[in-house]
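One structure is given below, encoded as structure tokens.
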Amino acid sequence: MKKVILAGSAALFLFSGLVSAHGPVRQKTDEEITINAPAEKVWSIIKDYGDLSWLPAVKSVTVNGGNTKGATRVLTLKDGGTITEELKKYDEKGLSYAYKITDISTAKTITHSGAEEKVPVFPVDNYAASIDVTPNGDTTTVSWKAGYYRAYMNNNPPAEMNEEAANTAVTTVLKAGLENLKALAEK
């Protein structure tokens, strides 16, 4: 009986250790907007992978490769810093494209758990997204979906790089971009 209790206690201890030792969970943000303009007009604003003039957070873009799979763009942000992205899929007829972030510059360095940590300008890791334009007669639906992890991949993240920081940053960028796209297309 003592062996059974001891084995059960050991198993419970190991299980609880595994449960509390998990890392970050993949996050998803899906934003959608209806625009009172034809899909062709909306698509004409966002179809050039190297033109992010419709995205308020971006100051300028340098692109290499145009609208072809594997093209890269470096976004210089208005608040400082850069984000490098790679085009993963481009569908002119389907009015959509997908991309992923390959590099993010550092906004600042902090001390966390006794170590120096670089806080990126966009607090995410392994970020991938897609933008889809869907015609609905005289209106258009634009869907922008992103999947990502928080920037700090170890347990016990600092506030600057936890899930809340990642979700807030991504939601803010996607909503601002879609709202500005709506304003531009409805002019």
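Values computed for the structure shown
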read-out: Residue selected from region 24-44 under the condition crowded, with 16+ Cβ neighbours inside 10 Å, at pLDDT 95 or above and in contact with an Asp or Glu (Cβ under 9 Å, 6 or more places away or on another chain), by the criterion nearest to Glu163 (Cα to Cα); value: Gln27
read-out: Matching strands (runs of 3 or more DSSP E) fully within region 45-112 where at least 3 residues are touching a Pro at 6+ places or on another chain (Cβ under 9 Å) and surrounded by 14 or more Cβ atoms within 10 Å (Cβ to Cβ); value: 106-112
read-out: Filter pass, Gly17 being at pLDDT 95 or above and over 15 Å from Trp144 (Cβ atoms); value: no
read-out: Complete set of residues in region 72-120 that are under 25 Å from Glu40 (Cα atoms) and in contact with a helix residue (DSSP H, G or I) (Cβ under 6 Å, 6 or more places away or on another chain); value: Leu95
read-out: Which listed residue is modelled with pLDDT of 95 or more and surrounded by fewer than 19 Cβ atoms within 10 Å (Cβ to Cβ), from Lys175, Lys187; value: Lys175
read-out: Among the candidates Thr140, Thr168, residue that is under 12 Å from the mean Cα position of the chain (by Cα), of a type in the set (Val, Ile, Thr) and more than 20 Å from Asp103 (Cβ to Cβ); value: Thr168
read-out: One residue from Ala165, Ala129 being part of a helix (DSSP H, G or I), surrounded by 13 or more Cβ atoms within 10 Å (Cβ to Cβ) and at pLDDT 95 or above; value: Ala165
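The values are calculated or read from the model by the stated rules, or taken from the named source; none is laboratory data. Keep in mind that what you see is a predicted model, and the values were worked out from it rather than measured. Counting neighbours? That spans all protein chains shown, and the Cβs are built from the backbone with ideal geometry, glycine included.
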